[in-house]
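So the structure is just underneath, and the comments pick up after that.
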Amino acid sequence: MDENIFTQLSEAIIKGNVKKTLEYAEMAVNQGLSIKEIIQKGLTAGIRTVGDLFNKGDYFLPELIVSGKAMQAALDYLKPKFGQEKETNVGKFLIGTVKGDIHDIGKNIVIMMLKSNGWEVIDIGVDISPEQFCNAVKNNNYDILGMSSLLTMTMPSLDETIKALKKAGVRDKVKIIIGGAPVTQEFADRIGADAYGKDAWEAVVKAESLKGKAV
C-alpha cells in the first residue's frame with residue numbers, strides 16, 4: 001500500500017482539483033486503505049491546510065469554495081463504501097456551524113462518521129445563532145451538542161453560545177464538543193466546552209467517551 005496516496009489526495013483537495021481528488025480517492029480504496037484513514041489522513045488533512053491558508057490570507061473565498069467542492073465530491077464517492085450504519089442506539093447528537101460561518105464540510109464529515117458509529121444526528125445547519133442553539137437544546141433531549149467554526153473570526157460565537165446556554169439555564173442538559181481548523185484544546189478549555197475534536201474521528205471518540213460508550 002502506498003501511504004503517499006494520502007499526500008496526493010490532500011494536495012488535490014488543496015488545489016481544488018475535483019478530478020484528481022476522485023482519482024486518488026478511488027486509488028486509495030483500491031489499495032485497501034480504510035475509509036476512516038482516507039478521510040483522516042487525506043481529506044481532513046487537506047481541508048485543514050485550506051482552512052489554515054484562508055485564515056492566513058493566502059487563500060480567499062474562491063479557493064475555499066473549489067476546495068470544498070473537491071472535498072464534497074470525495075465524500076459523496078466514499079459514503080456508500082463506509083459500511084452499513086450501526087443500529088442507532090448510542091445517543092442523540094445535535095450539530096451545527098456557528099453564527100457567521102457558512103462552511104459545512106467538516107461538519108458533514110463528522111455527521112457521516114457519527115452515523116456510522118450508531119448516533120442519531122440532528123443537523124441544525126450553518127450560520128446558527130446562540131439563540132437558535134439554545135432553543136434547540138431547550139426543546140429537545142440531546143446527549144451531545146457539537147459546534148463547528150472554520151474561521152478564526154467566528155470563534156467568539158462558540159464562546160457566546162456557551163454563555164447563552166448558561167444564561168438560559170440549559171448548559172447542563174448537554175455535553176459540548178467544539179472543533180474546526182482554528183480551534184484548539186486551550187480555547188475549548190477557556191470557554192468551558194466539555195471536549196475538543198481535532199478531526200472527525202476524534203469527535204466520535206470524545207462523544208462516546210462523554211456518553212460512557214466505547215467506540
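See the values below:
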read-out: Paired Rg and Dmax values of segment 48-155, which use every Cα atom, in angstrom; value: 15.1, 43
read-out: Relative contact order of segment 104-215, pairs being alpha-carbon contacts under 8 Å that are 6 or more residues apart, as %; value: 27
read-out: Packing-based exposure ordering (other Cβ within 10 Å, fewest first) of 81, 175; value: 81, 175
read-out: Largest to smallest principal axis extent of the C-alpha atoms in the chain, angstrom; value: 50, 42, 25
read-out: Computed [θ] at 222 nm, helices only, for the chain once each DSSP H run of length n ≥ 4 contributes -39500 (n - 2.57); value: -15500 deg cm²/dmol
read-out: Per-selection metrics, segment 26-67 (Cα): Rg and Dmax in Å; value: 12.8, 37
read-out: Inter-part distance where segment 124-180 and segment 28-57 are each reduced to a Cα centre, Å; value: 26
read-out: Geometric extent, Cα atoms of segment 4-81 - Rg, Dmax (angstrom); value: 11.7, 37
read-out: Taking N as its residue count, the alpha carbon Rg of segment 91-211 over 2.2 N^0.38 Å; value: 0.91
read-out: Relative contact order (percent, whole number), the chain, Cα cutoff 8 Å, 6+ residue spacing; value: 18
read-out: Under DSSP loop assignment and at most 13 Cβ neighbours within 10 Å, longest GluC sites (Glu not before Pro)-free interval of the chain; value: 88-215
read-out: Principal-axis tilt of helix 45-56 within the chain, Cα atoms, nearest 10 degrees; value: 70
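Every read-out reported here was derived from the displayed coordinates using simple, explicitly stated rules and does not represent laboratory data. Just so you know, these numbers come straight off a predicted model, no measurement behind them. A quick note on method: Cβ atoms are made from the backbone with ideal geometry, for glycine too, and the neighbour counts reach across all protein chains shown.
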